[in-house]
Amino acid sequence: MTSVTDVKGVGKALGQALTANGFRTAEAIAKASPADLVKVPRIGVARAPLLIAAAKEAISTKPAVKPAATKPAARRTSTRKPAARKPVARKTVAAAEKTAEAAARKAAEEKAAADAAAAKARKKAKAKAKAEKAAKKRAEMEAVFSKAKDKVKAKAKKDKKSKKDDKSKDKKKKDDKNKDKKKEKKKAKK
C-alpha cells in the first residue's frame, strides 16, 4: 500500500484532510471519482482529476513488495577536505537603514523631477494656448481695422467727389455771375 503523501501534489495538510475523509492510501484515491474527492476540503473540481492521475502514477511507480535481501549501500568516505567558507558580509541594521533612506531619497528626487517636468509641460501648453488666442484676436482686430480703413477711404472718396462737384457747381455759378455782370456792364456802357 502506498501512503497518501506519496502522491504528487499531496502535502501534510492535504494528506490529513484526505485521511480524515476516508482516503487512507493512494489506491483509495486512485479508485475514487472526482465527485468524491471534491467533498474533501482544499480539493476543487479542477484538482480532483489531477490527484486521481497522480495517485495512479504513484501506485504504478512504487514496487509492491520490497526485496528482503537488499542491503543499503555503504557510504563512501570522502578524501577531499571541505572548502573553507568565506565569511559572509552581513549588513548591519544601520547599513540597511542607509540603503533604505538612499532608495527613498532617490524615489523622492525622481518624483520631484517628474512633477517638475509635468508642471513645465503644463506651463508650456498654457503659453502656447495663450499665444494662439492672441494671434487669433490680432487677426480679428486687423480684419476690423482693415474694414474700418476701407470704409473711411470710401467715405473720403465720396466726400472728395461731392466737394469736387460742389466746387465745380460753385465755379459754374461764379462764372455765370461773372458773365452776367460782364453782360450788364456791356449793356450799361452801350
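Bear in mind that the values in this text are calculations on the coordinates, not laboratory data. Here the structure is a predicted model, which means the values were calculated and not measured. Here the Cβ positions follow ideal geometry from the backbone for every residue, glycine too, while neighbour counts run over all protein chains shown.
Numerical summary
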| quantity | calculated |
| --- | --- |
| Nonlocal amide H pairs with Thr2, under 5 Å, H built at 1.01 Å | Ala26, Glu27 |
| In sequence order, calculated HN-Hα J values of segment 118-134 (Karplus, 6.51, -1.76, 1.60; Hz; x Gly/Pro) | 5, 5, 5, 5, 4, 5, 5, 5, 5, 5, 5, 5, 5, 5, 5, 5, 5 |
| Whole-Hz ³J(HN,Hα) from phi, Karplus 6.51 cos²θ - 1.76 cosθ + 1.60, for segment 100-113, glycine and proline x | 5, 5, 5, 5, 5, 4, 4, 4, 5, 5, 4, 5, 5, 5 |
| Computed label-point distance, nm, for sites Ala154 and Ala125 using a 7 Å Cα→Cβ extension | 4.5 nm |
| Residues with amide H under 5 Å from that of Phe23, placed H, sequence gap 5 or more | none |
